[in-house]
Amino acid sequence: MSEEIAPIKRELPILSDLYKADDIATLFKTDQFNLLMNQAPEPKWIKQNPFAGNSNYIPIGILETLLQRIFKEFRVEVMREGTMFNAVYVTIRLHYLNPVSGDWSFHDGVGSAQIQTKKDCSPADLASINNNAVMMALPMAKSYAIKDACDHFGKLFGRDLNR
């Protein structure tokens with residue numbers, strides 16, 4: 001009563017099966033663009049954060065300059081913001097004009113920043129929150145969210161800095 005099931009041998013598709021022959025020029029441009037995005041960032045752009053175990057990062061000003069120079073047009077849309085424990089968070093959608101296809105696309109990013117409190121006070125004690133703490137933390141969280149969205153572009157934008 002035993003029936004053996006014969007494995008089905010499947011052939012993997014080749015690239016020419018997946019793409020149209022008239023798309024070769026666009027595919028080449030896309031490959032070149034991906035090659036650019038996956039170049040290592042300039043060493044002089046990379047900074048260390050002493051408050052995060054000396055982790056590496058690229059400052060937001062450099063990332064925004066890269067966005068302008070490579071994509072020419074981009075927009076940051078704040079999707080939501082709020083508080084979580086003793087921090088504020090921001091979720092953004094980074095819209096950009098793809099230089100190869102000419103189409104608008106986007107990457108999402110999230111960021112948070114701790115709300116500063118008086119020394120040796122509990123973050124749960126709302127009376128211990130420093131003046132201007134939210135005013136400082138919210139823009140920081142937005143910058144971290146933009147950086148998080150930029151990581152999706154590739155190494156040039158810092159994707160592999162701390163991996």
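Quick notes on this structure:
- The chain, accessible area per residue, ligands and nucleic acids excluded (1.4 Å, Å²): 73 Å²
- With Cα atoms, 0 to 90° folded angle of helix 60-71 axis to the chain main axis: 30 degrees
- Note on the chain: helix-only mean residue ellipticity at 222 nm, from DSSP H runs of 4+ residues weighted -39500 (n - 2.57) and normalised by residue number, equals -9000 deg cm²/dmol.
- With loop membership from DSSP and a limit of 14 other Cβ atoms within 10 Å, the longest segment of the chain without chymotrypsin sites (Phe, Trp or Tyr not before Pro) is 86-163.
- Between 121, 143, 13, the Cα set farthest toward the positive side of the dipole of the chain (charges on each charged residue's Cβ, about the Cα centre) is that of 121.
- The value for segment 24-64 of Rg(Cα) / (2.2 N^0.38 Å) is 1.65.
- Rounded to 10°, Cα long-axis angle of helix 24-37 versus longest principal axis of the chain: 30 degrees
- Just so you know, the averaged projected area of the alpha carbon convex hull for the chain sits at 17.7 nm².
- Cα-based reach from residue 147 at 16 Å (exclusive), listing lysines while leaving out same-chain residues under 8 positions away: 47, 155
- Estimated dipole of segment 75-150 in Debye, rounded to 20 [Cβ of Lys and Arg +1, of Asp and Glu -1, Cα centre]: 140 debye
- Once exposed loop GluC sites (Glu not before Pro) are cut out (DSSP; at most 14 other Cβ, 10 Å), longest piece of the chain: 74-163
- Expected-Rg normalisation [2.2 N^0.38 Å, Cα atoms] applied to segment 61-155: 1.30
- Qualifying trypsin sites (Lys or Arg not before Pro) in segment 1-32, where qualification requires a DSSP coil assignment and no more than 10 other C-beta atoms within 10 Å, comprise 9, 10, 20.
- Projecting the Cα atoms of 58, 107, 91 onto the charge dipole of the chain, computed from C-beta unit charges around the Cα centre, puts 58 farthest toward the positive end.
- For the chain, the longest principal axis of the C-alpha atoms and the axis of helix 133-150 are separated by about 10°.
- Neighbour net charge for residue 65 - beta-carbon separation under 15 angstrom, K R +1, D E -1: +2
- Portion, in percent, of the accessible area of the chain that falls on carbon or sulfur, probe 1.4 Å: 54 percent
- Shape analysis of segment 1-54 places it in the oblate category; the axes a ≥ b ≥ c from the Cα gyration tensor give an a/c of at least 1.5, with a/b not above b/c.
- Spatial separation of Cα centroids for segment 2-63 and segment 125-140, in angstrom: 39 Å
- For segment 48-99, the list of trypsin sites (Lys or Arg not before Pro) that fall in a loop by DSSP and count at most 16 other C-beta atoms within 10 angstrom reads 72.
- With one equal scatterer per alpha carbon and no solvent term, the Debye-computed log10 I(q)/I(0) for segment 17-104 at 0.13, 0.21 1/Å reads -0.68, -1.16.
- Taking the Cα centre of the chain as reference, the dipole from Cβ charges on Lys and Arg (+1) and Asp and Glu (-1) amounts to some 720 debye.
- Three-way shape call for segment 43-84 based on the alpha-carbon gyration tensor, with the a/c threshold at 1.5: oblate
- The phi torsions of segment 92-105, fed into the Karplus equation with coefficients 6.51, -1.76 and 1.60 and a -60° offset, translate into couplings of 10, 10, 9, 8, 9, 8, 5, x, 8, 8, x, 8, 7, 9 Hz, rounded to whole numbers, with Gly and Pro shown as x.
The values are calculated or read from the model by the stated rules, or taken from the named source; none is laboratory data. Given the structure is predicted, the values throughout are model-derived calculations rather than measurements. With ideal geometry, Cβ positions are generated from the backbone for all residues, glycine too; neighbour counts draw on all protein chains shown. Accessible surface is based on the protein model in full, side chains and every heavy atom, while ligands, DNA and RNA are left aside. Shrake-Rupley method; radii C 1.70, N 1.55, O 1.52, S 1.80 Å.
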